[in-house]
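Peer 1: Once you've had a glance at the structure underneath, I'll fire off some questions.
The values are calculated or read from the model by the stated rules, or taken from the named source; none is laboratory data. Computed from a predicted structure; not experimentally measured. Reconstructed Cβ throughout: ideal geometry from the backbone, glycine too, with neighbour counts over all protein chains shown. Accessible surface areas use protein heavy atoms only, side chains included; no ligands, DNA or RNA. Shrake-Rupley method; radii C 1.70, N 1.55, O 1.52, S 1.80 Å.
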Amino acid sequence: MGSFGIPLFPEQASTFARDVDALYFFIIAVSGFFALGVTVAVIVFGIVFRRRHAGEVGARIEGNLPLELAWSIIPTMISMVMFGWGASSYFHMRTPPAEALNIYAVGKQWMWKFQHLEGQREINELHVPVGRPVKVTITSEDVVHSLYLPSFRTKMDAIPGRYTHLWFEATKVGEYHIFCTEYCGTNHSGMIGTVVVMEPNDYQAWLAGGGVEGTLVERGQRLFQDLACGTCHLDTGKGRGPSLNDIVGKTVALADGSTAVVDEGYLRESIINSQAKIVQGYQPLMPAFQGLVSEDNLVALVEYVKSLSPQATTTAPAAATAPAAPAADPTKKK
Amino acid sequence: MLDTLKLPERHYLNNGHGLKSWLLTKDHKRIAIMYLISISVMFLIGGLFAAAVRVELMTPEGDLFLADTYNKMFTMHGVVMVFFFLIPSTPAVLGNFLIPPMIGAKDLAFPRINLLSLYLLWVGAAFFFYALFAGGVDTGWTFYTPFSSSASNSNVVPTALGAFISGFSSILTGLNFIVTIHRMRAPGLTWFRLPLFVWAHYATSLIQVLGTPVVAITIVMVAVERMFGFAIFDPVRGGDPVLFQHLFWFYSHPAVYIMILPAMGVISEVVSTFSRKTIFGYSFVAFSSLAIAVFGFLVWAHHLFVAGISTYSAMVFSFLSFAVAIPSAVKTFNWAATLYKGAISFETPMLYAYGFFGLFLIGGLTGLFLATLGVDIHVHDTYFVVAHFHYIMVGGAIMGYLGGLHFWWPKLTGRMYSEFFSRISAILVFVGFNLTFFPQFMLGYMGMPRRYHAYPDEFQVLNIMSSAGAAVLGVGYLLPVLYFLWSLKRGEVAGPNPWGASGLEWQMPSPPPTENFKEQPVVHGEPYEYTPHVAREANLV
Ligand code: HEM
Ligand SMILES: [Cu+2]
């Protein structure tokens, strides 16, 4: 697994890793410079100005304004470089490309469950192709967890009741750690797993080998039928609930006069607690499915509803919420 | 000359005997001593929990304790150390004892409230002990919801109430200090003649008074959710789990400055005294304390960079976190400049101050890594963060506290401790500390998450180093207990001003009489004036 055995540095296995490590070394260099400067100063002063006889007192020096300004302003400026660099790599890490592969993760005391759009479901293992951006949409079934991929230098909290996401592009075939980094109770340190980065062909073969329940959308469709969602949500828009065709990415007007953009989080909330946001012109009739649909199944339902908005969800299984693609982002390295 | 020194006949320690004379005292000095004993006991207990954690982590498998037991160990370690040791430490012991004499007053403004603060700490601790003996608590000292409010089945409510009640102890102490510093300064003691120790405590008190009520309310919300089923943080019932994190850190980030600012105050006094020189840039050091207190309230969300907050708010909080680092840097530069052309000697308190420089530098500078968004995503909630805040809170705050205790011990007790053993202990603490916590930075960057009972094999070497360091550190912390106790009976008599220091508190006899000063002192000069005459009389050993 990776280059374990060299206990200093995690493997650089994503496009972020080099950027983050370079930033890390930059800060080490700057802080090393200041730490060394102050250390040498206090040691040298301690030796040169050591007390030589009992009655000796120090010189009366009250301060020096130019010096005070210099050592306030120069560190401020240097720290702004750190801030800018850190903020730009953060922005990059928080902005998944539109063509990213979409995978769902659900944290649960004490395991990670992953679902691929093609239907594969796995526990504590995550198979991804090398060289392709992957967006992971994350939630939790119980308490807060955090999905951490140290070799990819990224992590994101899994928060019950909402979707968060992270993305990465693996650069090296191999197996890497998955950790939970938000303390979640008894077996927190057992909530670990492995990301398996594969050649694209192997990944395709792996995908083909599973998914007895059909694709995620197919599973969602079956759930949609089993839960009788279609009795109200008619395609015609004449049902007791709004039509679900072509809604993703649109802004809907709500009964209370506000508006909301339809994304995965909105869909999820509308299923488990539809009363939270009622579309204008409709009655709050829909039952709350809170507690009746597991997070895994919610994911399938959300994907199914997304599939009803073909133009919003392009052919590639990309997220409706993904902001504009930073395709030409110069910080992105292969 | 040493032989001629005698303890004063009448002083605060022998003014009244028996338990009652202590428990009902209004003397800030006696209250400080009771705080000293109380928090030393808490430090010992917190240390035992830490030892248990370090022993478990020597092997990758979770083989010594059950997972639940381990989780309780680190939780109770954190709760005890933060709420019952570090927050009270320097302010309640040294601040309590020294602020009145430093400003030429007989006592704090509200002596009875001062005693009440101590009792509140005890009541809070009683709740904690109840939780401990009823089976402990396993939420981490941060009590994150919905784990603490819905999932944990340990003793969350009594522990939370313990923290809540001890919070009021802290609020009342802060209030007392603020009023005292405003109203009771000696004639001639203007704001800019105050010792920097007093400025630091003034800033600390502001945080205590403004911040602690927020965490108190937050803790009550968790308790109410647990006991009565109100939906506040539980998302299943419409609550917001992340709201807790915002509220908690709105207090707890400033609270980390409650722990470090008083220690910074100690360092200013010690550095000035042992270099016999006024503090370089007095007003910059004084105002940086206030700047820290103010900015400290504006950076809480840097604990939430991966908790789903918006990208832009993360950027704002990152920016502000860099801003809060500047006043700390300014202080450090000023201390270093103070040494220039000083008359420096290295008695134990100064060794602690030097140790503080080294450790606080590393602690503060690693804060920059965490404030940098791109890096924090990787190291958040790993051992890197654990190492960072231990460098500050143990390396910085406890070094300051211990340095201060060694500095003022002759004032507290009238006697000197063994200079030889105290130097050894200062060195052991410094070496042991670095051995314990430096490897944790590497562990964190390698990706080892915090609060892990078991871990992958490749982390073992660094964990063993850390545990070995903890053993050295433990010895370093235990030694002072021995030589301090020994000094009470056998230590040399110290005299009023063994270090040749300039503060008003050194004009009282050691130990001081209950009323501190026979006559109201009047201040004519600037702070930190050292005259060869006073210096020669110092009976440095
Ligand atoms: C000098 C400037 C400082 C900066 C820029 C800074 C920055 C940070 C940041 C960004 C974090 C969050 C890291 C994370 O959770 O991923 C953090 C954690 C922490 N810092 Fe600092 N810090 C500084 C100084 C201090 C000081 C002076 C103290 C204490 C006296 C302190 C105590 C802590 C504590 C207790 C935590 C984490 C607590 C926990 O998660 O349990 N820091 N610091
Ligand atoms: Cu903070």
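Peer 1: Tell me the total accessible area that A and B bury against each other, 1.4 angstrom probe, in square angstrom rounded to 100.
Peer 2: Working: alone 18040 and 21130 Å², together 31690 Å².
For chain A against chain B, roughly 7500 Å² becomes buried.
Peer 1: Would you be so kind as to list the residues of segment B:418-447 that have their accessible area lowered by at least 40 Å² in the full protein complex compared with their chain by itself (1.4 Å probe)?
Peer 2: Relative to the lone chain, where solvent access is computed with a 1.4 Å probe, segment B:418-447 loses at least 40 Å² at B:Tyr445, B:Met446.
Peer 1: Go through segment B:333-356 and flag every residue whose accessible area shrinks by 40 Å² or more with all protein chains in place compared to the isolated chain (probe 1.4 Å).
Peer 2: At a threshold of 40 Å² (probe 1.4 Å), the residues of segment B:333-356 that become less exposed are B:Phe333, B:Ala336, B:Tyr340, B:Lys341, B:Ala343, B:Ile344, B:Tyr354.
Peer 1: Which of A:Lys108/A:Lys135; A:Lys113/A:Lys306; A:Lys135/A:Lys306 have a Cα-Cα distance over 26 Å?
Peer 2: Values: A:Lys108/A:Lys135 20 Å; A:Lys113/A:Lys306 21 Å; A:Lys135/A:Lys306 16 Å.
Too far apart for the 26 Å limit: no listed pair.
Peer 1: Report the charge-dipole magnitude of chain A in Debye, nearest 20, computed about the Cα centre from +1 at each Lys and Arg Cβ and -1 at each Asp and Glu Cβ. Can you show the working numbers first?
Peer 2: Numbers: 26 positive and 31 negative charges, 165 e Å.
The dipole magnitude comes to about 800 debye.
Peer 1: A follow-up question, please. On full extension of the chain, what length is gained from B:Val481 through B:Arg237, given 0.36 nm per residue of separation minus the C-alpha to C-alpha distance?
Peer 2: Values: separation 244, 0.36 × 244 = 87.84 nm, distance 5.12 nm.
Gain in length upon complete extension: 82.7 nm.
Peer 1: Measuring from label point to label point, each 7 Å out along Cα→Cβ, what is the A:Leu227 to A:Val212 span in nm?
Peer 2: A separation of 2.4 nm, rounded to one decimal place.
Peer 1: Between A:Asn245 and B:Tyr312, what is the FRET efficiency for a Förster distance of 35 Å, r being their Cβ-Cβ separation, to the nearest 0.05? Before the final figure, lay out the partial values.
Peer 2: On the way: r = 33 Å, r/R0 = 0.94.
E between A:Asn245 and B:Tyr312, to the nearest 0.05, is 0.60.
Peer 1: Expressed in nm to one decimal, what extension gain is obtained for the pair B:Val522 and B:Val55 from 0.36 nm per residue of sequence separation less their Cα-Cα distance? Write out the running numbers ahead of the final one.
Peer 2: Working: separation 467, 0.36 × 467 = 168.12 nm, distance 5.53 nm.
The span from B:Val522 to B:Val55 would gain 162.6 nm if fully extended.
Peer 1: What relative contact order, as a whole-number percentage, does segment B:39-190 give when Cα pairs under 8 Å and 6 or more residues apart are counted? Write out the running numbers ahead of the final one.
Peer 2: Working: 167 pairs, mean separation 45.2, N = 152.
Relative contact order here is 30 percent.
Peer 1: If eta is 0.890 mPa s and T is 25 °C, what Stokes-Einstein diffusion coefficient results for chain B, Kirkwood Rh from Cα pairs, in µm²/s? Each step should come with its number before you reach the end.
Peer 2: On the way: Rh = 23.8 Å.
D, rounded to a whole number, is 103 µm²/s.
Peer 1: Do any residues of segment B:266-312 show a loss of at least 50 square angstrom of accessible area between the isolated chain and the full protein assembly, using a 1.4 Å probe, and if so which?
Peer 2: Hits at the 50 Å² cut-off: B:Arg276, B:Thr278, B:Phe280, B:Phe284, B:Val306, B:Thr311.
Peer 1: To the nearest Å, what is the center-to-center distance of segment B:205-230 and segment B:469-541, using C-alpha atoms only?
Peer 2: 39
Peer 1: Where a Cα-Cα gap under 23 Å defines reach, which lysines qualify for B:Lys341, not counting those fewer than 8 residues away within the same chain?
Peer 2: Once the sequence-local lysines are set aside, what remains near B:Lys341 is B:Lys277, B:Lys331.
Peer 1: Here is a follow-up. Taking a cut-off of 22 Å between Cα atoms, list the lysines near B:Lys29, but don't count ones fewer than 8 places away on the same chain.
Peer 2: Leaving aside lysines fewer than 8 places away in the same chain, those within reach of B:Lys29 are B:Lys6, B:Lys20, B:Lys106, B:Lys411, B:Lys489, B:Lys518.
Peer 1: Next up: Any chance you could tell me what percent of the C-alpha pair distances in segment B:1-142 go past 17 Å? Before the final figure, lay out each step's value.
Peer 2: Working: 6726 of 10011 pairs.
It works out to 67 percent of all Cα pairs.
Peer 1: In nm, to one decimal, how far is the modelled label at A:Ala29 from the one at A:Asp256, with both set 7 Å along Cα→Cβ?
Peer 2: Distance between the two pseudo-spin positions: 5.2 nm.
Peer 1: What fraction of the Cα pairs in segment B:139-285, stated in percent, has a spacing above 25 angstrom? Please report the intermediate quantities before stating the final value.
Peer 2: Numbers: 4595 of 10731 pairs.
Of all Cα-Cα pairs in segment B:139-285, 43 percent lie more than 25 Å apart.
Peer 1: Then there's this: Given Cα pairs under 8 Å that are at least 6 residues apart, what percent is the relative contact order of chain A?
Peer 2: Details: 560 pairs, mean separation 61.8, N = 334.
This gives 19 percent for chain A.
Peer 1: Suppose we look only past 38 Å in the calculated P(r) of the protein assembly as shown. What percent of the Cα-Cα pairs does that tail hold? All intermediate terms of the calculation are to be shown ahead of the outcome.
Peer 2: Numbers: 175437 of 382375 pairs.
Summing the P(r) tail past 38 Å for the protein assembly as shown gives 46 percent.
Peer 1: For A:Ser140, what residues show an amide H to amide H distance below 5 Å, using hydrogens built from the backbone and excluding near sequence neighbours?
Peer 2: Answer set, sorted by chain and number: A:Gly107, A:Ile159, A:Gly161, A:Arg162.
Peer 1: Let me ask something additional. Compute the distance in nm between two label points, each set 7 Å from the Cα along the Cα-to-Cβ direction, one at B:Asp63 and one at B:Ser21.
Peer 2: It works out to 5.7 nm between the two label points.
Peer 1: Can I ask one more? What are the GluC sites (Glu not before Pro) within segment A:15-124 that DSSP puts in a loop, where the Cβ has at most 14 other Cβ atoms within 10 Å?
Peer 2: Working: sites: A:Glu56, A:Glu62, A:Glu68, A:Glu99, A:Glu118, A:Glu122; in loops: A:Glu56, A:Glu62, A:Glu99, A:Glu118.
Counting only loop positions with at most 14 other Cβ atoms within 10 Å, the GluC sites (Glu not before Pro) in segment A:15-124 are A:Glu62.
Peer 1: Please give the contour-minus-distance gain from B:Val179 to B:Leu488: 0.36 nm per residue of separation, less the Cα-Cα distance, rounded to one decimal in nm.
Peer 2: Values: separation 309, 0.36 × 309 = 111.24 nm, distance 3.33 nm.
Separation in residues times 0.36 nm, less the Cα-Cα distance, equals 107.9 nm.
Peer 1: In terms of the ratio Rg/(2.2 N^0.38 Å) built on C-alpha atoms, what value belongs to segment B:390-541?
Peer 2: On the way: Rg = 20.9 Å, N = 152, 2.2 N^0.38 = 14.8 Å.
For segment B:390-541, the normalised Cα radius of gyration is 1.41.
Peer 1: Whenever you get a sec, compute what percent of the accessible area on the protein assembly as shown sits on carbon and sulfur atoms (1.4 Å probe). It would help to have the intermediate numbers written out before the result.
Peer 2: Values: 21180 of 31690 Å².
Carbon and sulfur: 67 percent of the exposed surface of the protein assembly as shown.
Peer 1: Further, regarding this structure: Relative contact order for segment B:25-537 using alpha-carbon pairs under 8 Å, separation at least 6, rounded to a whole percent? Before the final figure, lay out the partial values.
Peer 2: Details: 873 pairs, mean separation 90.7, N = 513.
Relative contact order, segment B:25-537: 18 percent.
Peer 1: At 20 °C and 1.002 mPa s, what whole-number value in µm²/s does Stokes-Einstein give for the translational diffusion of segment A:216-307, with Rh from the Kirkwood sum over Cα pairs?
Peer 2: Answer from the Stokes-Einstein relation: 162 µm²/s.
Peer 1: From the phi angles alone, apply the Karplus equation (6.51, -1.76, 1.60; θ = phi - 60°) to segment B:214-219 and give each ³J(HN,Hα) in whole Hz, x where the residue is Gly or Pro.
Peer 2: Ordered by residue, 3J(HN,Hα) equals 5, 5, 4, 5, 4, 5 Hz.
Peer 1: Rounded to the nearest 0.05, what FRET efficiency do A:Glu175 and A:Gln311 have when you use their Cβ-Cβ distance and R0 = 35 Å?
Peer 2: Working: r = 38 Å, r/R0 = 1.09.
Plugging the Cβ-Cβ distance into 1/(1 + (r/R0)^6) gives 0.35.
Peer 1: At R0 = 60 Å, how high is the FRET efficiency between A:Met80 and B:Asn153 if r is their beta carbon distance? Nearest 0.05 is fine.
Peer 2: Once the sixth-power term is evaluated, E becomes 0.80.
Peer 1: Send over the semi-axes of chain A's equivalent ellipsoid, whole angstrom and largest first, taken as the square roots of 5 times the C-alpha gyration tensor eigenvalues.
Peer 2: 50, 25, 19
Peer 1: Using a 1.4 Å probe, what is the accessible area per residue for the protein assembly as shown, in Å²?
Peer 2: On the way: 31690 Å² over 875 residues.
For the protein assembly as shown, the per-residue accessible area is 36 Å².
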